[in-house]
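Novice: Mind having a look at this structure? Questions to follow.
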Amino acid sequence: MIKDIRAPYKNIDNKVYVIGHVNPDTDAVASAMAYAWLLQERDGINAIPARAGKINRQTSWVLHTLDLDPPILFNDASPRFESVIRRLDTVTPDRPLGEAWSILSRTGGIAPVVNPDGTPYGLISGKSMFTFLSRLMGPHPRYKEMTLAELLDIPCREACETEVARFSATTRIRDVINRILRDEVDEFWVLDENKRYLGVCLQRDLLHPPRIKIILVDHNEPQQSLGSLADAELIEILDHHRLGNPTTHEPIRFTVDVVGSTSTLVSEQIEEAGLKAPFELAGLMLAGLLSDTLIQSSPTTTERDHEAAKRLARWAFNWGSPLEDETIESFGKKVLSAGSGLSSREPLDVVTTDMKIYETEAYQFAISQAEVTDLYEMNEYLDQLRDALQNLREHRSLDFAVLMVTDVVQGQSRLLLVNAPMVLDELPYLPASDGTHLAEGVVSRKKQLLPVILSLLED
């Protein structure tokens, strides 16, 4: 059973985060988790799967069914304290000062003093030692005759500086750097989520922190990526969408291929490496593939997707798996059903859960997609959806926004547009009196709707 695919990789220095787009769908989560696993198994890379937003209903159902934990939430690529940690040996407060002196000699002047429960007590530095010795060698007569051995036998707590700033490993450096520079503090604690010691850092470490290493999956457009991507070291992109003009500091591995899902690409690499994905990850990838291709009925589906589905089914539907009695068709229907419908969702959730932002020379716009089993369901919520879409547009400072409600049974969509430019009056879809458009046979945002909109905007 896979509960945390990061567990075998204890060296947390040199991490590489594998992450999908904001508002992640099942394919984005699946490809991030599966590709991180492949990088670990094939290349020995300390790859960590991550997500750039809330898990949607469909993905949550799949993860629960397969007993998988979601990847970590990672909204911003700005360097954090974890990237500058100095992991130094420690000593407890009651240990002799000589033990701290030994650490000082190895570290260049810092000895962390940590309580038995792992929480920080104080730091012994050159400055704190001078303060301690000055106090010790004052007018008190008995200390004048103290030997070096007696001095080094004093408990470490006596020589500690206890007023030391503390920061979580996940704290963004840019959020506190001005305060640190203003206070002229030299050393800091770096703590884990339970406020236990991870290490220390120095002020100079914060001035030019190493950039976080990022691999993007299931997208390549900066508008769809986690925040502060420009501050990260982008090392690879694996995707199946149109090119979005990402910029990098160095050459990177860039794979964009014409298939229906990124999970297809990951499954191919797993097979090429002579490996077999655990049934949990195989089931997750299959769910991502079937969701993106509407159970292989979408025009985005290729022969490679069909082969990938068969491959993943062989790995996922084996004895002992929670999917052992499933078929590709039955599992696909359950996956789509888990994410469909409007009645149990807030309008804001409908327009933001699966939303992607696109940019042309003249326009920046969003296309959101929601899946239903009956397009008439939309009628009851039309006004609320229009208001939510308008709020989304204003909040994101977009020129216009589109909601694409897709009937996964009938294979057609209804389009709701707000603040659309006049050129989109030429959309080749049947307009309705309620302001929506019926797009018969249109189910793919990527391959069917987006190209039509772009062609009109760029004419």
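Computed from the coordinates by the stated procedures, all read-outs in this text should not be read as laboratory data. Values in this document were obtained by computation on a predicted structure and should not be read as measured data. All Cβ positions, glycine included, derive from the backbone under ideal geometry; neighbour counts span all protein chains shown.
Novice: Please give, to one decimal in nm, the separation of the simple spin-label points placed at T107 and S168, each 7 Å out from Cα toward the Cβ.
Specialist: Result for the modelled spin labels: 2.4 nm.
Novice: Write down Rg/Rh for the stretch 250-306, rounded to two decimals, with Rg from the C-alpha atoms and Rh from the Kirkwood relation over Cα pairs.
Specialist: 1.01
Novice: Then there is this: With label points built 7 Å along Cα→Cβ from the Cα atoms of F130 and E161, find their separation and express it in nm.
Specialist: 1.0 nm
Novice: In Å and whole numbers, how far do the C-alpha atoms of the chain stretch along each principal axis, longest first?
Specialist: Reported extents, whole Å, longest axis first: 98, 52, 42.
Novice: With a cut-off of at most 13 other beta carbons within 10 Å, and DSSP calling the residue loop, which GluC sites (Glu not before Pro) in the stretch 348-427 qualify? Please list them.
Specialist: E361
Novice: Here's another thing I want to ask about it. Do the sum for the chain: with -39,500 (n - 2.57) for every DSSP H run of n ≥ 4, divided by all residues, what is the mean residue ellipticity at 222 nm, to the nearest 500 deg cm²/dmol? Please list the in-between numbers first.
Specialist: Working: 13 runs with 144 residues, N = 459.
About -9500 deg cm²/dmol.
Novice: Given the stretch 83-206 reduced to its alpha-carbon atoms as identical point scatterers, what log10 I(q)/I(0) does the Debye formula return at q = 0.16, 0.21 Å⁻¹?
Specialist: Ignoring solvent entirely, the Cα scatterers give -0.77, -1.18.
Novice: Please sort by residue number the chymotrypsin sites (Phe, Trp or Tyr not before Pro) in the stretch 358-443 whose DSSP state is loop and whose Cβ has at most 12 other Cβ atoms within 10 Å.
Specialist: none
Novice: If you don't mind, there's one more thing I want to ask. Please compute the Cα-Cα pair-distance distribution of the stretch 240-399 with 5 Å bins starting at 0, giving whole percents from short to long.
Specialist: Once binned at 5 Å, the Cα pair distances of the stretch 240-399 give 1, 8, 14, 15, 15, 15, 14, 9, 6, 2, 0.
Novice: Note down, for the stretch 17-139, the three equivalent ellipsoid semi-axes (square root of 5 times each alpha carbon gyration tensor eigenvalue), biggest first, whole angstrom.
Specialist: Equivalent ellipsoid semi-axes, largest first: 47, 15, 14 Å.
Novice: Further question: Give me the extension gain from Q384 to M422: residue separation times 0.36 nm, minus the current Cα-Cα distance, reported in nm with one decimal.
Specialist: 11.3 nm
Novice: Turning to a different aspect of this structure: Starting from a Cα-only point model with no solvent, please compute log10 I(q)/I(0) by Debye for the stretch 347-458 at q = 0.12, 0.23 1/Å.
Specialist: -0.36, -1.49
Novice: Would you mind getting me the FRET efficiency between A230 and S330? Use the beta-carbon distance for r and R0 = 41 Å, nearest 0.05.
Specialist: The pair A230/S330 has a calculated efficiency of 0.40.
Novice: With the calculation restricted to Cα positions, what are the radius of gyration and Dmax of the stretch 212-314 in angstrom?
Specialist: Over the stretch 212-314's Cα set, Rg and Dmax evaluate to 14.5, 41 Å.
Novice: Using the count of nearby Cβ atoms within 10 Å as a rough guide to exposure, how do M137, M404 rank from fewest to most?
Specialist: Going from sparsest to densest Cβ surroundings: M137, M404.
Novice: Post the alpha-carbon centroid distance, the stretch 407-459 to the stretch 263-333, in whole angstrom.
Specialist: 30 Å
Novice: Compute the Cα gyration tensor for the stretch 412-452, then decide on rounded, prolate or oblate, letting a ≥ b ≥ c be the square roots of its eigenvalues: rounded whenever a/c is under 1.5, prolate when a/b is larger than b/c in the other cases, and oblate in all that remain.
Specialist: The shape class here is oblate.
Novice: Oh, and also: Here are some pairs, K334/K447; K310/K356; K333/K446; K54/K356; K54/K334; K54/K333; which of them have Cα atoms lying more than 26 Å apart in this structure? Can you show the working numbers first?
Specialist: On the way: K334/K447 24 Å; K310/K356 29 Å; K333/K446 21 Å; K54/K356 14 Å; K54/K334 21 Å; K54/K333 23 Å.
Distance filter (> 26 Å) returns K310/K356.
Novice: Then there is this: Please report the antiparallel percentage of the DSSP beta bridges confined to the stretch 347-458, to the nearest 5.
Specialist: Given both bridge residues lie in the stretch 347-458, the antiparallel proportion sits at roughly 70 percent.
Novice: While we're looking at this one, here's another question. Need one number: nm distance between label points at T119 and T373, each 7 Å from Cα along Cα→Cβ, rounded to one decimal.
Specialist: Calculated label separation equals 5.3 nm.
Novice: Please compute the contact order of the chain in relative form: average sequence separation of alpha-carbon pairs under 8 Å and at least six residues apart, divided by the residue count, as a percent.
Specialist: 14 percent
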